[in-house]
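The values are calculated or read from the model by the stated rules, or taken from the named source; none is laboratory data. Note that the coordinates shown come from a computational prediction; the quantities given were computed from them, not determined experimentally. A quick note on method: Cβ atoms are made from the backbone with ideal geometry, for glycine too, and the neighbour counts reach across all protein chains shown. Note: accessible area is taken over every heavy atom of the protein model, side chains too, but ligands, DNA and RNA are not part of it. Shrake-Rupley method; radii C 1.70, N 1.55, O 1.52, S 1.80 Å.
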Amino acid sequence: MTRDKVVLAYSGGLDTSVAIRWLQDRGMDVVTLTIDVGQPGDLDGIREKARRLGAKTHVVDARREFAEQFVLPALQANAMYEGQYPLSTALARPLIGKHLVVIAQKEGATFIAHGCTGKGNDQVRFDLCTTALAPHLTVIAPAREWGMTREQEIEYAKERGIPVPVDNGSPYSTDENLWGRSVECGVLEDPRIEPPEEVYNWTTSPAAAPDEAANATIHFEGGKPTALQGRRLEFVDLIASLNELAGRHGVGRIDHVESRVVGIKSREVYECPAATVLVKAHQALEALVLPRDLLEFQRSVAARYSTLVYDGLWFTPLREALDSFVASTQERVTGDVSVKLFKGAATVVGRASPYSLYDHALATYSQGDRFRQSMAEGFIYVWGLPARTWAAAGEKAPTAPKLLKAAKRAK
Ligand code: ARG
């Protein structure tokens with residue numbers, strides 16, 4: 001009889017290492033897949049660890065794909081979940097999910113596994129990817145089934161010779177990629193308490209950040225960042241450099257009580273220096289080159305897009321349709337934005353574009369004003385016609401505004 005084969009998303013951490021043994025104990029051949037999405041860590045070491053636990057291993061460098069195919073559309077949509085979180089973890093999930101399916105096909109596996117618990121968003125995202133891309137595959141989430149506490153897991157690992165990571169004393173659960181770092185658990189579970197400095201890893205404390213501000217100048221072409229400080233860079237490298245620069249100035253710390261898909265409110269801390277700066281810069285450039293009605297409509301698209309990505313609905317026709325819409329608005333989003341980085345704050349301080357709608361002769365209050373102010377009166381007469389008609393028709397209504405009644409009486 002051939003044994004069942006399962007492809008496991010493997011990070012090298014305790015949960016997924018225990019998962020290898022747990023799946024093997026259930027008679028399965030385990031193939032691991034580790035994806036480089038720009039997280040720090042020694043991928044060779046992770047591969048070696050999986051091998052020693054008896055798994056066949058795959059490692060895929062998907063940094064560029066992540067930046068171009070997942071982060072860029074989200075940036076162009078100005079995606080910020082609940083107005084706060086640039087969706088760094090959420091965006092990496094469909095990419096990992098897609099690669100899991102590809103490897104499962106290559107390996108002839110019928111199962112896919114991940115290390116998510118039953119309380120979070122990530123299980124929803126991974127499971128929905130498989131449902132959308134390869135419904136014939138079955139998903140196993142060992143941590144959803146085994147019912148072990150952290151302590152029992154460590155015990156399980158020790159009994160079976162699974163190396164327990166040295167940082168296991170850390171009370172925090174973290175997830176990292178190019179677009180940001182997520183931290184949960186430990187004292188963060190009390191939303192009244194300020195996050196201790198130790199939860200941060202990518203950012204200098206704003207208090208300890210340089211006393212001298214730095215300006216990040218970002219060049220966009222058709223809505224895509226293509227140069228930083230005048231130097232052309234591939235998007236993936238631009239994000240990495242900007243994480244470094246903005247992180248040094250304490251930019252990108254986010255402390256948020258978040259509404260999870262499964263209904264739980266959870267306290268999350270993020271470090272997203274590059275994402276914070278790039279979304280602000282992109283919005284500032286759009287404000288310069290796009291008309292008001294389009295900007296307003298874009299804001300509703302951004303909110304919808306963010307929820308959709310957060311909820312694990314990446315591989316859906318709605319996401320594709322929204323991407324097409326957003327892409328169609330980016331042609332003129334070309335130009336330079338300057339963002340001042342100073343002690344934790346990122347402030348847009350300058351913008352320029354060949355497609356700028358800003359007309360100095362129209363805006364100025366000084367010499368050279370070309371705006372015909374006398375025309376405003378007629379404009380307001382017509383613009384206010386509905387309000388005037390409404391007020392006249394409502395004079396006798398019981399709920400007519402008091403001011404209107406008083407004015408009537410005074411006549
Ligand atoms: N709450 C965030 C999200 O759902 C981050 C989850 C981070 N995962 C983790 N293992 N710490 O996108």
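Points worth noting:
- The range 283-306, residues that are over 16 Å from TYR85 (Cα atoms), touching a strand residue (DSSP E or B) at 6+ places or on another chain (Cβ under 9 Å) and open to solvent by 60 Å² or more (accessible area, probe 1.4 Å): ALA287
- Test for ASP211: is it within 12 Å of the ligand (Cβ to nearest atom) and modelled with pLDDT of 95 or more: no
- Within the range 101-115, considering residues that are in a helix (DSSP H, G or I) and not β-branched (Val, Ile, Thr), the one nearest to the ligand (Cβ to nearest atom): ALA104
- Test: residue in the range 151-172 that is surrounded by fewer than 20 Cβ atoms within 10 Å (Cβ to Cβ), touching a residue at least 24 places away in the same chain (Cβ under 8 Å) and within 23 Å of the chain's Cα centre (by Cα): yes
- In the range 265-296, the residues that are assigned to a loop (DSSP other than H, G, I, E, B) and either within 16 Å of the ligand (Cβ to nearest atom) or under 15 Å from HIS219 (Cβ atoms) (or both): CYS272
- Among the residues of the range 191-216, those that are under 21 Å from ARG351 (Cα atoms) and crowded, with 16+ Cβ neighbours inside 10 Å comprise ALA214, ALA216.
- Once the range 20-52 is narrowed to residues that are in contact with a strand residue (DSSP E or B) (Cβ under 8 Å, 6 or more places away or on another chain) and farther than 30 Å from GLU68 by Cβ, the residue that is most open to solvent (accessible area, probe 1.4 Å) is ARG51.
- Number of the exception - LYS98 against (1) assigned to a helix (DSSP H, G or I); (2) closer than 18 Å to VAL236 by Cα; (3) more than 16 Å from the ligand (Cβ to nearest atom): (2)
- Residue among LEU233, LEU188 that is crowded, with 16+ Cβ neighbours inside 10 Å, touching a Pro at 6+ places or on another chain (Cβ under 9 Å) and free of Cβ contacts under 8 Å to residues at least 12 places away in the same chain: LEU233
- Lone qualifier among VAL309, VAL348, VAL339 - being in contact with a Leu (Cβ under 6 Å, 6 or more places away or on another chain) and either open to solvent by less than 60 Å² (accessible area, probe 1.4 Å) or hydroxyl-bearing (Ser, Thr, Tyr) (or both): VAL309
- Being under 20 Å from ILE35 (Cα atoms), within 16 Å of the ligand (Cβ to nearest atom), not β-branched (Val, Ile, Thr) and not in a helix (DSSP H, G or I) is a condition met by at least one residue of the range 85-93.
- Close pairs (7 angstrom Cβ cut-off, 6 or more residues apart or separate chains): under 19 Å from HIS114 (Cα atoms) in the range 80-99, away from the ligand (no atom under 12 Å from the Cβ) and assigned to a loop (DSSP other than H, G, I, E, B) anywhere: ALA92/VAL37; PRO94/TRP314; PRO94/PHE315; LEU95/VAL37; LEU95/ALA62; HIS99/ALA62
- Among the helices (runs of 4 or more DSSP H) confined to the range 116-202, the ones with at least 1 residues that are more than 15 Å from the ligand (Cβ to nearest atom) and touching a Leu at 6+ places or on another chain (Cβ under 6 Å) are located at 122-133.
- For the range 236-282, a tally of residues being surrounded by fewer than 18 Cβ atoms within 10 Å (Cβ to Cβ) and among the polar types (S, T, N, Q) returns 2.
- Every condition in (1) touching a residue at least 60 places away in the same chain (Cβ under 8 Å); (2) among the hydrophobic types (A, V, I, L, M, F, W, C); (3) open to solvent by 20 Å² or more (accessible area, probe 1.4 Å) is met by LEU178 except one, and the failing one is (3).
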